[in-house]
Structures are given as structure tokens and as C-alpha cells.
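Visitor: Encoded as C-alpha cells, here's the structure I'll be asking about.
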Amino acid sequence: MNNKRQPSVLVIGAGATGILAGIKLPEAGISDVIIIEKADRVGGTWRENTYPGVACDIPSPHYCYSFEPWPWSSQCAQGGEIQEYLEHVAKKYNLLPMIRFGTTVVSTVYDETTATWTVKTDKGDVFTADFVIAATGILHKPKRPDIPGLNSFNGEMWHTAEWRHDVDLKGKRVGVIGTGSTSHQVVPELVKAGHETFVFQRTPQWVFPFPNLSFPEWMRNRWKEKPERMKPWKSLYKTFIEQFFVKATTGEPVQRTLLNLSSKAYLRLGVRKRDLREKLTPDYGVGCKRMVVNFTFYPAIQKDNAHLITDGIKGIEADGVRLVTGELVPLDVIVLATGFDNFAYMRPGSLVGRSGHTIDDAWKDGTYPSYHAVLMEHFPNYFLMLGPGTPIGNNSVIGMAEEQLDYVLRLMDIWRDGDADEIEPTPEAVSAFVEYIKAGLGESVWTSGCQSWYLDAAGVPVVFPYTWKEFIASMAEIDRRELTMACVKPCQQEVLHAV
Ligand code: NAP
């Protein structure tokens, strides 16, 4: 008989990591699980982002749950196919009854007298839970640039994550502000559709050339027949990413040289006109900003209907974008490919932990301390998925979430075994984790002289600066000396053993 205590768990978000929690918690014997989802469908990022060209730049056989392979149609699946996959998994594992759709968490407050969280929603629901898992994703809050006159534009303007499919772009002059991974996917589609496309670049990006090959039908049929046939493909791509990309960014000289060479050679060979090539050449190290993985932007930006604008933006006016040179670029539509508020996580909802500590107190001045990217001081029994300190650059966040959730389940076992009601990292453990992350800074490429969301305001990486192997090893054991484990109910060892 399972004599573990039964916790109630509230999961915020039904994206890829929330779905994972919805599957793994019941599998571990935890049945009291509620998932709160602001939208009316699962999917997170892949539901929200529907811009033309949206695709995953991580190979799909690796960008899926290890226990749920899928006969992907191409090496880097389109957003729509990933959304279909996530909806399929949610249905297959019967998650829909546990999800409260169309509901947004507005506040999450800890009660230290009962060691429980009270979660309120915009619908007026009030939930009490022993554990909260914030499966909200990292980059979900679109960032609007602080460009003067942004609201004075007379045409249509939208962020890439809020694509306006109702606006016909035919014959329109379209401006795209920003040249990150998203812009590299959307610009080629706009150019291909024949729209006059004006790309406003503040900082050029290094591009790793990676063609999106389609998997032939016979291969997909074989995968459909026997999904385990996908396994070698998953391993192949996983190995490629871990042995090449991760090592290149975390300090291995051979991989770093190869990454350098491939991006520089691609720019040299892929962009014929010297002046355009110079405009597209970054002045910082390859991999410093998140690598753009792409094979369509360079061909597109060389087309006659594509215009790369590198003069700074002075402001936005009723008819278009005014450059610092004084020139006005007349536009009908402006697309903001300006990224996301880095590290919004559970915000804008409020989070109040022990003794009235808020998340804004914990993450102040643009820094994001955590313990193993999962726990935070002052927020007992509150777990982050893909929290600050996760190795999120150019790798499968789904694979990482699986590792983190396994760690979370082992932490929950402390509570379930009746050893503690509250699990929280000690201040020393949080400081040590932050120092550990800082120590990896020197070897990583992220400090080679660029602005990026990989660094916090103090220049500390908010991504794990070591290898995948070290990431897994760091969570292999639970070190109880680094946790404050208190009993408030009181702990029920005797009660349990009497059952
Ligand atoms: P991003 O990488 O943050 O890029 C934002 C772009 O907007 C940058 O070029 C930035 O210029 C520019 N920008 C911001 N404010 C500006 C201003 N005031 N004036 C002019 N330019 C401005 O955003 P993103 O492209 O949406 O990508 C965000 C993240 O989403 C990626 O790093 C990646 O993790 C993820 N993503 C993943 C995929 C995938 O396939 N897996 C695809 C797309 C996105 P500066 O560089 O000068 O700041």
C-alpha cells in the first residue's frame, strides 16, 4: 500500500511544461492536480505564436517528450504541427478534465501557518494547494519597444506573438522592427509573398545555417507503424546539440571554432553583395546572443522587395518610421519582432511568499536568483519550470523540463514521506548556486561583448553556463543540508506509519 501523503498541486499553464506536469504527477501517484490555463487551448508558445514562418529551430525529433515520439514532417517542425502534437498528447493522457481553461492566475500567496498556497484567479476562484508549479514559460509577455511615437502610427501595428491574420498584406509596405530568431523566420515569408519588406536592424545576428529538410512520407509511415523507430533520430539530434552547440557556447575550443567558422563562412558565401554583408556582420563573438538557426533569411534579404535598414530609428510617426538620418520610411504596417520581457514567468500575476516577500523583492534590479533553477528562497513548496539557471539556449526545453520535473517530484517526496511540510532553499544554497553560475561566465561566449537576454542586469548569465551532463549531474542528488525543511502541521511521520 502506498502510504505517502497526498498533496494538492496547482500547475500554472498548460504549455509544453504544464502538460508534462499533468502527465507525470498522476504517474507518480499524485491525483489532486489542477492546471490553470489562461487561454482556451493547451499549447503555450506554440498556440500564441502563429506568425508566418513560425517553426522550431531545434530539431523536432529532439523537441518532444522522450516518452511520446511523433512522426514529424520535417527536421524543424512548423509551429502548427507542434501545436497539433501538444493537443494530441494532452488528449491522449486525458489531461483536459484537469485543466481550467480561460482562467488567469492573478495572485498566489503563501500561508505559513498551514504551509499552503492560496491561488486566486480572474474568474474569482480561490484554490488552496500544498504545491504550486509555475509552468508559465519564460518568454511569454511580448515586449513593445520604447520607441518615441510608437502609438502615433496610423497604419496597423502588431507584435509577432499577436499576429493579425485578419489584415490582408497584399500591396502593403511592411516594416519589421528587430532581427532576432523570430524576425529571421517571419521576414522570408513576407518577402516570398511579394510584400515590400523593410527590416529595421539595430544589431546584426550570427546565423548558423541549418536547412529545414522534410522527412519523406515512407520514413514517416515507418515511424507511425513503430514510434520507437524514432529513438535513434532523437539520439542523433540530441547528441549533435549537446556535443556541438552546448559545448561551443560553454567553452570547448574545437566546437567554438567550428561554430565560428560555419557562421562566418555562411555569411561570406550566403550574402553576395559586400555592402549588405558588412551591414549583416556582427561585431561580437559568434554565439554571444542566442544563435539564429536559419537557412532562409539571407536569401530573402537579398531579394529586390527586401530592404535592410541599419540607420537607427528616431521615432515612429503617423506615416512610418523616421530614421536618425531624418529620412522617413513610409509604411502601411509595422510588425514588432522585438522579443519578450525576459523572465516574466508568473508575472504579471502577483506572488507573495513567506513573511510577505514578493517576487519583485526576490527578483529585483534585473537579477534572478534561484536554487537549481527550480526553487527560490522565501517561496516554500513553489517550483519553477525552466527557471533562471536552466540551460535554455539552443536546446530542447522539453528535455530540460523532463529533468527538472523529475527533480521536483523527488523534492515533493520529502513532503510526501512526512519529513517536512515546507521545502525551501537556504540563503547560503541560493548564493552558492548563483556563484556556481557566475563561475561559468568566464568560459561561456555570452560575455564576449553583446547585449542579450541571456544575461541579467548584473551581467550574470540567467542560463546554465555548463554542459547538459553537468546540468543533470547538478540535480542528481537532493542535498538536504541546502534545504530549510520545516514542519508546521506538524509533520506526520507517526500518523503515516500508523496507516
Ligand atoms: P529577440 O531575440 O529578443 O530579438 C528582438 C529584436 O528586436 C532584436 O533584434 C533587438 O535588437 C530588436 N529590438 C528590441 N527593441 C528594439 C528597439 N527599441 N529598437 C530597435 N530594435 C529593437 O526576440 P525574438 O526574435 O522574438 O526571439 C526571442 C527568443 O524566442 C529567442 O531568443 C528564442 O529563445 C525564442 N525563439 C525561438 C524560436 C525557435 O525556433 N525555437 C524562434 C523564435 C524565437 P538588439 O539585438 O539590438 O537588442
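Visitor: For Thr484, list long-range residues whose amide hydrogen, built 1.01 Å from N in the peptide plane, is under 5 Å from its own amide hydrogen.
Guide: Amide H neighbours of Thr484, under 5 Å, 5+ apart: Glu424, Thr426.
Visitor: If you check each cysteine of the chain for another cysteine whose beta-carbon is under 4.7 Å away, which ones come up empty?
Guide: Within the chain, the cysteines lacking a partner Cβ under 4.7 Å are Cys56, Cys64, Cys76.
Visitor: Which FRET efficiency, nearest 0.05, do Thr358 and Ser31 yield, Cβ-Cβ r, R0 35 Å?
Guide: 0.65
Visitor: Mind checking which of Thr249, Val199, Val445 is farthest towards the positive end of the chain's charge dipole, using Cβ charges of +1 (Lys, Arg) and -1 (Asp, Glu) about the Cα centre?
Guide: Farthest along the dipole direction, towards plus: Val199.
Visitor: Further, regarding this structure: Of the DSSP beta bridges with both residues in the range 150-336, give the percent that are antiparallel, rounding to the nearest 5.
Guide: Roughly 25 percent of the DSSP beta bridges within the range 150-336 come out antiparallel.
Visitor: Show the residues, 5+ positions off or on another chain, whose built amide H is closer than 5 Å to the amide H of Val462.
Guide: Leu455, Asp456
Visitor: Same structure, new question: Based on the Kirkwood radius over alpha-carbon pairs, what is the Stokes-Einstein translational diffusion coefficient of the range 399-499 at 10 °C with 1.306 mPa s viscosity, in µm²/s?
Guide: It diffuses with D of about 100 µm²/s by this estimate.
Visitor: If you don't mind, another one. To make sure I understand the rule: partners must be aspartates and glutamates, Cα under 14 Å from the Cα of Lys247, and not fewer than 8 residues away in the same chain. Which ones qualify?
Guide: Excluding near neighbours in sequence, the set is Glu443, Glu470.
Visitor: Counting DSSP beta bridges in the chain, what percent are antiparallel, to the nearest 5?
Guide: Expressed as a percentage, antiparallel bridges in the chain total about 40.
Visitor: Which ³J(HN,Hα) values, rounded to whole Hz and listed in residue order, are derived for the range 276-288 from phi using the Karplus coefficients 6.51, -1.76 and 1.60 in 6.51 cos²θ - 1.76 cosθ + 1.60 with θ = phi - 60°, glycine and proline given as x?
Guide: 5, 4, 4, 5, 8, 8, x, 10, 10, x, 5, x, 5
Visitor: Also, I was wondering about something else. Excluding ligands and nucleic acids, what accessible area in Å² is computed for His184 using a 1.4 Å probe, to the nearest 10?
Guide: Roughly 10 Å² of His184 is accessible to a 1.4 Å probe.
Visitor: Oh, and also: Give me the net charge of Trp158's neighbourhood, meaning all other residues with Cβ under 11 Å from the Cβ of Trp158; Lys, Arg count +1, Asp, Glu -1.
Guide: -1
Visitor: When ranked by the protection proxy of mean other Cβ atoms within 10 Å per residue, highest first, what sequence do the peptides 118-127, 13-22, 37-46 form?
Guide: Details: 118-127: 14.7, 13-22: 26.7, 37-46: 20.4.
Result, highest mean first: 13-22, 37-46, 118-127.
Visitor: Using the Cα centre of the range 150-336 as the reference point, and only Cβ charges (+1 on K/R, -1 on D/E), how large is the resulting charge dipole? Debye, rounded to the nearest 20.
Guide: Dipole magnitude for the range 150-336 comes out near 1000 debye.
Visitor: Below 15 angstrom from the Cβ of Leu213, what's the summed charge of the other residues (Lys, Arg +1; Asp, Glu -1)?
Guide: -2
Visitor: Once you sort the root eigenvalues of the Cα gyration tensor of the chain as a ≥ b ≥ c, which label holds: rounded (a/c under 1.5), prolate (a/b larger than b/c) or oblate (the other case)? Working shown, then result.
Guide: Details: a/c = 1.72, a/b = 1.63, b/c = 1.06.
Because a/c hits 1.5 or more and a/b exceeds b/c, the chain counts as prolate.
Visitor: Tabulate in residue order the Karplus-calculated ³J(HN,Hα) for the range 245-260, using 6.51 cos²θ - 1.76 cosθ + 1.60 with θ = phi - 60°, rounded to whole Hz; enter x for Gly and Pro.
Guide: Karplus-based 3J(HN,Hα) across the range 245-260 equals 4, 4, 5, 5, 7, 9, x, 6, x, 5, 5, 5, 5, 5, 5, 4 Hz.
Visitor: Pairs Lys141/Lys231; Lys24/Lys143; Lys192/Lys273: which are spaced more than 31 Å apart, C-alpha to C-alpha?
Guide: Lys141/Lys231; Lys24/Lys143
Visitor: Sticking with this one: Which far-off residues, 5 or more places away or on another chain, put their amide H under 5 Å from the one on Ser350, with H placed in the peptide plane?
Guide: Ser107, Thr108
Visitor: Kindly provide log₁₀ I(q)/I(0) values, in the same order as q = 0.11, 0.13, 0.17 Å⁻¹, from the Debye equation applied to equal alpha-carbon scatterers of the range 150-336.
Guide: Cα-only, vacuum Debye calculation for the range 150-336: -0.61, -0.80, -1.12.
Visitor: Just to confirm the number: angle between the C-alpha axis of helix 427-439 and the first principal axis of the chain, 0 to 90 degrees, nearest 10?
Guide: For 427-439 against the chain, the angle is about 30 degrees.
Visitor: Let me ask something additional. What ranking do 242-250, 436-444 get when scored by the average of other Cβ atoms within 10 Å per residue, highest first?
Guide: Working: 242-250: 21.1, 436-444: 15.9.
Result, highest mean first: 242-250, 436-444.
Visitor: Using unit Cβ charges (K, R positive; D, E negative) and no other charged atoms, how large, in debye to the nearest 20, is the dipole of the chain about its Cα centre?
Guide: 1720 debye
Visitor: Also, I was wondering about something else. Assigning unit charges at the beta carbon (Lys, Arg +1; Asp, Glu -1) and nothing else, what dipole magnitude in debye, to the nearest 20, does the range 304-429 show about its Cα centre?
Guide: Taking the Cα centre of the range 304-429 as origin, the dipole is about 180 debye.
Visitor: Something else: In straight Cα distance, which aspartates and glutamates are under 17 Å from Lys314, not counting same-chain residues fewer than 8 positions off?
Guide: Of all the aspartates and glutamates, those that pass the test against Lys314 - Cα under 17 Å, at least 8 places apart if same chain - are Asp146, Glu327.
Visitor: Oh, and also: Which order do Val324, Val374 take when ranked by solvent-accessible area (1.4 Å probe, heavy atoms of all protein chains), largest first?
Guide: Val324, Val374
Visitor: When only the heavy atoms of the protein chains count and the probe is 1.4 Å, how do Glu189, Glu327, Glu225 rank by accessible area, highest first?
Guide: Glu225, Glu327, Glu189
Visitor: Provide the per-residue ³J(HN,Hα) series for the range 81-97, in order, calculated from phi with Karplus coefficients 6.51, -1.76, 1.60 and θ = phi - 60°, each as a whole number of Hz, with x at glycine and proline positions.
Guide: Ordered by residue, 3J(HN,Hα) equals 6, 5, 4, 4, 4, 5, 5, 4, 5, 4, 6, 4, 8, 6, 7, 4, x Hz.
Visitor: Per-residue ellipticity at 222 nm for the chain, helices alone: DSSP H runs ≥ 4 residues times -39500 (n - 2.57), over residue total, nearest 500 deg cm²/dmol?
Guide: Counting only the DSSP helices, I get -8500 deg cm²/dmol.
The values are calculated or read from the model by the stated rules, or taken from the named source; none is laboratory data. Note that the structure is a prediction, hence the values are computed from the model and not measured. For neighbour counting, all protein chains shown are included, and Cβ atoms are generated from backbone atoms with ideal geometry for every residue, glycine included. Protein only, heavy atoms only, side chains kept; ligands, DNA and RNA dropped before computing areas. Shrake-Rupley method; radii C 1.70, N 1.55, O 1.52, S 1.80 Å.
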